[in-house]
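The values are calculated or read from the model by the stated rules, or taken from the named source; none is laboratory data. Keep in mind the model is a prediction, meaning the values are calculated, not measured. Counting neighbours? That spans all protein chains shown, and the Cβs are built from the backbone with ideal geometry, glycine included. Note: accessible area is taken over every heavy atom of the protein model, side chains too, but ligands, DNA and RNA are not part of it. Shrake-Rupley method; radii C 1.70, N 1.55, O 1.52, S 1.80 Å.
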Amino acid sequence: MTSLKVSSADASITLDPITGMAIIPAGDPKFAIGVGLWQDPEPREMYRSFARDEFTQRGKRGAYGRTPRQQDDEVVPVIVQLVPRPDNSYNPNAVSIAAPPTYSGKAHERHMAFMYDRHLVSMGAAVRSLAVVTLTPVGCHALIEVSETDGEDLDASAADDEQYRFTGDGQRLYWAGGLRLLMPWWEDLQRITISYVRTARPDLILPLIGHRASWAPGSREALLNATPEKSFDVTLCTTAGGLRVYYGDPLLADLHQQSRDFFDRTAKQVAEMGGRATARAEEHQGALTLFVEDSSPLS
């Protein structure tokens, strides 16, 4: 039985030479999180093919053994890609789980599943932050649960289980069960992300927490004329007693005029970075949202 090194707060992002992805360190397998396997035909077939290939190539020599939940299942360690999907109409903060770039097709063509919203709340912003900064795709360790079947004992709770059945070694049939992500604890993930970005982009305030800000007079119209993008980089500049947000020349927001002191800590961070920094912002349904690393007021 093999194992992965469980991540800690001082673990770091590494580059996987095979997939070319920046890999988030693995969390404890006991706390691996499930994902929502997508039910459309293409993602289902992608997952079945991915499970079959990974089981054939690595299952027998790289399996952890058994899952705590289903003692009869084999668990195949894999690496998957995490793909922010701002084009998702249900949730623009969605994160797709895709087969790695070693499989053919663009990331959306390799899509297999989505992170659940409950996990996006604590982990999604860190994943999106890494996607902004890294020059490579972002990935993480994961587990595929695989069980041998005779075709009559498939899980009746899964829709159309036939889609997840494949032929493995010899003529034996297997069923690809759940896909679970080996993500670090969310606090560790945030520290790992901040440490990575501080080295890669020391001028960047991370898009971890979003707060709405009031538009400066005429700034929304100026922004719409300058870019069709809904998510974009902005420049943060310290001023006497506050912080201002610019997109190029246009002033988008004067943050010291906000009714609540969301941005005190961010203003201090920008001042420590020389008075000028880059951040992410979003125009959504007429509102300006500024994403910052830590927007809690100074105590």
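From the alpha carbon centroid of segment 109-126 to that of segment 263-298 is 24 Å. Going out from 0 in 10 Å bins, what whole percent of all Cα-Cα distances in segment 189-240 drops into each bin? Answer for segment 189-240: a P(r) of 17, 41, 31, 12 percent.
Between the amide H of residue 201 and any residue lying 5 or more places away or on another chain, no distance stays under 5 Å, with hydrogens modeled in the peptide plane. In sequence order, segment 76-84 has phi-based couplings of 9, x, 9, 10, 10, 9, 9, 10, x Hz under the Karplus curve 6.51 cos²θ - 1.76 cosθ + 1.60, θ = phi - 60°, and Gly or Pro positions carry x. For segment 116-127, backbone phi angles converted through the Karplus equation (6.51, -1.76, 1.60; θ = phi - 60°) give residue-by-residue couplings of 5, 4, 5, 8, 4, 4, 9, 10, x, 5, 5, 5 Hz, Gly and Pro being listed as x. What the phi angles of segment 28-38 give under the Karplus curve with 6.51, -1.76 and 1.60, with θ = phi - 60°, is a coupling list of 5, x, 5, 10, 4, 9, x, 10, x, 5, 7 Hz, glycine and proline written as x.
Model label points for residue 16 and residue 30, set 7 angstrom from Cα along the Cα-to-Cβ axis, are 2.5 nm apart. Rolling a 1.4 angstrom probe over segment 192-287 with all protein chains present gives an accessible area of which 46% lies on carbon and sulfur atoms. Remark: the residue 106-residue 186 segment gains 26.0 nm on full extension, using 0.36 nm per residue and subtracting the alpha carbon distance. Remark: segment 186-299 carries a charge dipole of roughly 80 debye about the Cα centre, counting +1 on each Lys and Arg Cβ and -1 on each Asp and Glu Cβ.
The H on the amide N of residue 252, modeled in the peptide plane, is under 5 Å from the matching H of 245, 246, 247, each at least 5 residues off or on a different chain.
What separates the Cα centres of segment 191-259 and segment 10-44 is a distance of 30 Å. Here's how it looks for residue 284: its modeled amide H is under 5 Å from those of 289, which are all 5 or more places away or on a different chain.
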